[in-house]
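Beneath this line is the structure, given in structure tokens, with notes to follow.
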Amino acid sequence: MAEIEILDAEGENALTFRALSVHLGTGSGAIYWCVADENALLNAATNFVVAGL
């Protein structure tokens, strides 16, 4: 997942809608369509990692 790559490379403060949209090559509006805010984005990434344990 792209957000995990950003977290691994740059840390929690680097995970923003802007950074993710640049990483994915899309606009931030596409991300807002799927995720309400940055806290929800971080929660989704955390759930993904924890589910893999």
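Ordering 28, 21 by how much accessible area each has at a 1.4 Å probe, largest first, what is the list?
28, 21
At a 1.4 Å probe radius, carbon and sulfur cover how many percent of the accessible area of the chain?
Details: 2010 of 3720 Å².
Its accessible area is 54 percent carbon and sulfur atoms.
Rounded, prolate or oblate: pick one for the stretch 1-52, where a ≥ b ≥ c are the square roots of the eigenvalues of its C-alpha gyration tensor, a/c under 1.5 means rounded, and failing that, prolate if a/b is larger than b/c, else oblate. Since a/c reaches 1.5 but b/c is at least a/b, the shape of the stretch 1-52 is classed as oblate. Our helix-only sum for the chain, with -39,500 (n - 2.57) per DSSP H run of n ≥ 4 divided by its residues, gives a mean residue ellipticity at 222 nm of -20500 deg cm²/dmol. Between residue 49 and residue 14, the distance separating the two model label sites (each 7 Å from Cα on the Cα→Cβ line) works out to 1.3 nm.
Under a 1.4 Å probe, what is the accessible area of the chain per residue, stated in Å²?
70
The values are calculated or read from the model by the stated rules, or taken from the named source; none is laboratory data. Computed from a predicted structure; not experimentally measured. Cβ atoms come from the backbone with ideal geometry, glycine included; neighbour counts cover every protein chain shown. Surface areas here come from the heavy atoms of the whole protein model, side chains and all, with no ligands, DNA or RNA. Shrake-Rupley method; radii C 1.70, N 1.55, O 1.52, S 1.80 Å.
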